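Structure first, commentary second.
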Amino acid sequence: MHLPDDGPFDEQTSHGLSFSGSGAEYFRIWIVNLLLTVATLGIYSAWAKTRRLQYFYRNTQLAGASFDFRGDPKAILRGRILAVTLLATYHYAFGFSLKVGVVTVALLLAGLPFMMRSALRFRLSNTVYRGLPFGFAGGIKEAYIVYVVPVAIFVLPGALVALMPGSPLVGIIFLLYLCWPLMHGAMKAYQHKHLMAGDQNATFTLDTASLAKPYVRAFLIGLGLMVVVGLAFGLSVFLARGQKSTAAFAAFLPAILAVVAMYLYVLLMGPYILVRMNNLAWSATSFPGVRITCAMRVWPYLRLQTVNVLLTLLTFGLFRPFAAVRTWKYRVAHITIDAPDGFEQAVLAARRPPAAAAGDGIADFLGVDLSW
């Protein structure tokens, strides 16, 4: 692994990210992490996460220098204990009493948006490039505006089932999922427009509706596919009238193929939306003197993930570290950093933020990080 702290910059104004790690190298880290996590009943998972992030960051280079992650595993462990405690309490709370359940739901609604903001602050303030930490400047008020509805969709259905069994309100809550494209777009916008590199604030040029556009295209594709499925079922029923068993099966073949197509649609739309939203979000993010371009392509990424899933299944999970490396390498290879006035000048213009602004005290103490 290569981690230069003060390597020389070249004269280029455009630089691509690159990754120098390998699946075989990461497999050794992954298997040790897995065995120690199992042996310690999950306690080592915080150290495993730190080792994983350090491996990927330290092998990711930009203009001859690597990134690094400096988060404290003990802080991450404290945050995980808090998160697991809250979720376990939510799961069993209504078994004790309605009052305990209601209080737990209220705590989750009040606490999870704050924890999500703290997770961003913790991760970014401990991500470093050439000694310069990144950061996140999003406010608490905006975090609640952005995250409270997704959190409500997660915690309220279970609470309503316990409080009002058979109530139609449970179904109404699930209808909020129709707004998920806008919610996802709002979360992406919140994350990107408050990024910091040192003391430099990011500029973000897209609104929530623009970020939700990939969902619109996916929805239209799905709508067309539903029409095809409906027609296929109708044709199958028509052809199967009065047919013998073999002929009836052949008649229902269009319906079977339509169901398979619908299943594939559900599997493929996730990567499609991820690629489109990442391209939109990162290409709309810039810092003073620095522009970012993300140009992932949908079909190559779909092929990559399809192979990853198949090989992971065939190897009973042992291909997973290789899949993680392949995915990371693909994603960073399609990000370009442009600095028209010179990359060195742009980096040197960013300074380390004041200590009071470098990170959230509670986030640093708890290490709240909701990804695993």
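The values are calculated or read from the model by the stated rules, or taken from the named source; none is laboratory data. Everything quoted here is computed from the prediction, not taken from an experiment. A quick note on method: Cβ atoms are made from the backbone with ideal geometry, for glycine too, and the neighbour counts reach across all protein chains shown. Only protein heavy atoms, including side chains, enter the accessible area calculation; ligands, DNA and RNA are left aside. Shrake-Rupley method; radii C 1.70, N 1.55, O 1.52, S 1.80 Å.
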If I compute solvent accessible area with a 1.4 Å probe over the protein chains, what percent of it on the stretch 115-208 is carbon and sulfur?
71 percent
In terms of modelled amide H atoms, which long-range or inter-chain residues lie less than 5 Å from the amide H of THR203?
SER286, PHE287
When ranked by the protection proxy of mean other Cβ atoms within 10 Å per residue, highest first, what sequence do the peptides 179-187, 94-102 form?
179-187, 94-102
Estimated distance in nm for a label pair at MET226 and SER167, the labels positioned 7 Å out from Cα along Cα-to-Cβ
2.8 nm
To the nearest 0.05, the calculated FRET efficiency linking THR85 and SER22 through their beta-carbon distance, R0 being 51 Å, is 0.85
Set LYS74/LYS99; LYS74/LYS141; LYS141/LYS193; LYS74/LYS188; LYS141/LYS188; LYS49/LYS141, cut-off 26 Å on Cα-Cα distance; pairs above it are LYS74/LYS99; LYS74/LYS141; LYS74/LYS188; LYS49/LYS141
Can you give the extra length, in nm with one decimal, that the chain gains between VAL100 and THR327 once fully stretched, where that is 0.36 nm per residue apart less the Cα-Cα distance?
77.4 nm
Can you tell me which of 51-60, 21-30 comes out highest on packing, and rank the rest after it, using the mean Cβ neighbours within 10 Å?
51-60, 21-30
Using +1 on the beta carbon of Lys and Arg, -1 on that of Asp and Glu, and nothing else charged, what's the dipole of the stretch 93-213 about the Cα centre, debye to 20?
180 debye
Cα centroids of the stretch 100-149 and the stretch 279-351: how far apart, whole angstrom?
24 Å
Label point 7 Å out from LEU182 along Cα-to-Cβ: which residues of the stretch 149-172 have amide N under 19 Å?
149-154, 172
What relative contact order, as a whole-number percentage, does the stretch 55-150 give when Cα pairs under 8 Å and 6 or more residues apart are counted?
28 percent
Under a point spin-label approximation (7 Å from Cα along Cα-to-Cβ), what is the ALA349-VAL260 distance to one decimal in nm?
5.6 nm
Length gained, ARG303-PHE174, 0.36 nm per residue minus C-alpha separation, equals 43.2 nm
How many nm separate the modelled label positions at ALA137 and VAL38, each set 7 Å beyond the Cα in the direction of the Cβ?
4.7 nm
